[in-house]
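Below is one structure, written out as structure tokens; comments come after it.
The values are calculated or read from the model by the stated rules, or taken from the named source; none is laboratory data. All values derive from a computational prediction rather than experimental measurement. Every residue, glycine among them, receives a Cβ derived from its backbone with ideal geometry; neighbour counts consider all protein chains shown. Keep in mind that these areas ignore ligands, DNA and RNA; they rest on the heavy atoms of the full protein, side chains included. Shrake-Rupley method; radii C 1.70, N 1.55, O 1.52, S 1.80 Å.
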Amino acid sequence: MRLLTYFIRRLVGIVFVMVGVSIITFAISHVVPADPVAAALGDHATDDQIAAFRAEYGLDKPLAEQYVIYMTGLLHGDLGRSIRTRRPVADDLRDFLPATFELSFAALIVSLFIGLPAGMISAVARNRLPDHFVRVFSLVGGSLPIFWLGLMLISLFYSRLDWLPSGARLDQFLDPPHSITGLYVVDSLLTGNVAALQSSLHHLLLPAFTLGYFSTAVIARMMRSSMLEVMRQDYMLVARAKGLRQRAVILRHGLRNALIPTLTIIGVTFGSLLSGAVLTETIFSWPGLGRYATASAISLDFPAVMGVTLLAAVIYPLANLLVDLGYHWLDPRIQHG
């Protein structure tokens, strides 16, 4: 019951976060010294065309009234209409979000599958060769700019070796799988489209590794630190004294406790993956939300920028909420206040 109350309270908090973000974003969007009408219609638009455009998007009304109209529409699920694409922003987000989510989720899987074992091995083999290798790997991962890493990987695996494609989600002459979730890998599996599955995985490898490398380094370092702390605890010494093998002690008693602080980093990492996807999507021509947000900002497409910002404002707190629920799953003794 206490957990349910905590869950509901956090959801209410997310609503207040969205209201705050909407006020700040709306104000900033409308005080920048640039005219979205001029950007949309060009320099040769007539006065009548400009007036009609302003009336169509409500830009001829006072700022406070524009905000009230926007929030009223938002309560009904209407995020406005994009100035650049001339489509409802909700429809645009529905089209672009799955690509970004698929890329971010694949990067998170890469980070977990490499970062967690690497951190654990590094702690167990402290000050030995595997530890030195993981520490250098983590240091490099935390230092490399994403765009540079992406370009180097394209140069190696596409230009020189011709092993992997340099961009897009699917081969050029291959039809996308029937859309169920918008995630090509999942949709290919659900529809049994083997060719699309192979192609989508093939296209996902380079951008997922590029996006996930920094997170892998962070998770490995956190896991190493956490595991070293756990290995010094009395219950670990007791487990060894009972005659348990080192592997059993680590996996049964150490891993679960070491994961608790690491889980915080994983939750924050997923949020950073979504924001870091902007650069990765640009480098790999990935048709996701990052490219949509960048193009919208350049075009002064305020409704689209508002929609992307509000979506991010929902995703971040939800990711943190899932992390907090994960604490309870790992250790039921943890009580949420």
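Quick notes
- In terms of the mean number of neighbouring beta-carbon atoms within 10 Å, the peptides 185-194, 280-289, 241-250, 66-75 order highest first as 280-289, 185-194, 66-75, 241-250.
- Taking the longest Cα principal axis of the chain as reference, the axis of helix 2-31 is set at about 40 degrees.
- Against the chain, whose longest principal axis comes from its Cα atoms, helix 289-298 is set at around 40 degrees.
- For Ser285, neighbours were defined as the other residues whose beta-carbon sits under 14 Å from its Cβ, and their charges (Lys and Arg +1, Asp and Glu -1) total 0.
- Answer label, with percent of Cα pairs over 34 Å apart calculated from the coordinates and candidates (i) 46; (ii) 40; (iii) 22: (ii)
- In the chain, taking the dipole from charged Cβ atoms about the Cα centre, the farthest positive-side position among Ser215, Leu174, Gly20 is held by Ser215.
- Here the contact order of the chain, divided by its residue count and restricted to Cα pairs under 8 Å and six or more residues apart, works out to 27 percent.
- Each Lys and Arg contributes +1 and each Asp and Glu -1, all at the Cβ; summed about the Cα centre of the chain, the dipole is approximately 2240 debye.
- When the Cα positions of Val136, Ala195, Leu205 are compared along the charge dipole of region 134-239, Val136 comes out farthest toward the positive end, with charges on each C-beta of Lys, Arg, Asp and Glu.
- Atom-type composition of the exposed protein surface of the chain places 67 percent of the accessible area on carbon and sulfur (1.4 angstrom probe).
- Phi-based couplings in Hz for region 216-227 (Karplus 6.51, -1.76, 1.60; Gly and Pro marked x): 4, 5, 5, 5, 4, 5, 5, 5, 4, 4, 5, 5
- Given charges at Cβ of Lys, Arg, Asp, Glu: region 241-331 dipole, positive-most of Ala293, Pro303, Gly271: Gly271
- Close amide H contacts of Arg81 (hydrogens built in the peptide plane, cut-off under 5 Å, sequence separation of 5 or more or a different chain): Val89.
- Note, ³J(HN,Hα) from phi for region 203-212, Karplus 6.51, -1.76, 1.60, rounded to Hz, x at Gly and Pro: 6, 7, 4, 5, x, 5, 5, 4, 5, x
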